[in-house]
Amino acid sequence: MTTSPKDIPTLSDLYSSNEIPQAENESKYGYDEGLNKRVSIWRGDITKLEADMIVNAANSSLLGGGGVDGAIHRAAGPDLLEECEGLGGAETGDTKVTKGYELPSKYVAHTVGPIYSSRAVDKCAKQLKSCYQTSLESCQNHGGGAIGFSSISTGVYGYPIKDATEIAIETTRNFLEKDQSVTRVIYVVFSKKDEEVYKSIIPQYFPPPPSASSDDNQQE
């Protein structure tokens, strides 16, 4: 059974139902209801998402692997691998696009995240930001619409989930402020723990309505 973006709550919905905790730190960006209606956090199966594009956390060969990468290749069928074989791989931070084949999504953006190293934090951050930026640009270049992101580099590549999530969300915020073609960004998380990380960080970049914050303060 597939899931449509229309059936996934937006940040605006989650704030209305108090499903996102109050920000621990002061917001880094201003409140924008329009942007909050274009972003979602969803715990589900990215291979079942009816998006215009989903983002695969690929390896540099683009020929499939474990985790989300393997799941996407299995769900898409053998034609995906055949197209990937003609792409010549990709460098870390780069993104290449294929059709979705048997997936419910139209396209797959295969992005190569960095293998995390505490000795090269700045380089890893730059590469991870490029993954999100080039994926969003790929969606824009293929007609826009809804894009679903897996949590890039936070699995076997070892990127700390909180640091990776901040990069993902801030890159998205800066992109959406300048672009109207990408109508929905869905962060697809696998575990409840990761979902809670996203919900704890997102108010810093996509803050709730001022009235919600003031109401919370009055109740304390």
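Before moving on, here are some points about what is shown:
- Top positive-direction residue, dipole computed over region 1-137 with Cβ charges, set Thr3, Tyr116, Ile72: Tyr116
- Considering only alpha-carbon pairs that sit under 8 angstrom and 6 or more positions apart, the relative contact order computed for region 5-219 is 30 percent.
- Of every Cα-Cα pair in the chain, the percent that sits beyond 22 Å: 48
- Region 125-220: C-alpha gyration tensor shape, a/c 1.5 cut-off, then a/b vs b/c: oblate
- Annotation: aspartates and glutamates with alpha-carbon distance below 20 angstrom to Lys37 (same-chain offsets under eight excluded): Asp7, Asp13, Glu19, Glu50, Asp52, Glu137, Glu166, Glu170, Glu177, Asp179, Glu195, Glu196.
- Gaussian network model of the chain, springs between alpha carbon atoms under 10 Å - residue of Leu14, Leu103, Leu136 with greatest fluctuation: Leu14
- Order by protection proxy (mean Cβ within 10 Å, highest first), peptides 114-122, 37-45, 60-68: 37-45, 60-68, 114-122
- Measuring between alpha carbons in the structure, the pairs from Lys123/Lys162; Lys6/Lys99; Lys96/Lys129; Lys48/Lys106; Lys28/Lys162 lying more than 19 angstrom apart are Lys6/Lys99.
Since every read-out is calculated from the coordinates, none of them should be taken as a lab result. Not measured: the values here are computed from a predicted model. No Cβ is skipped: glycine too gets one built from the backbone with ideal geometry, and neighbour counts run over all protein chains shown.
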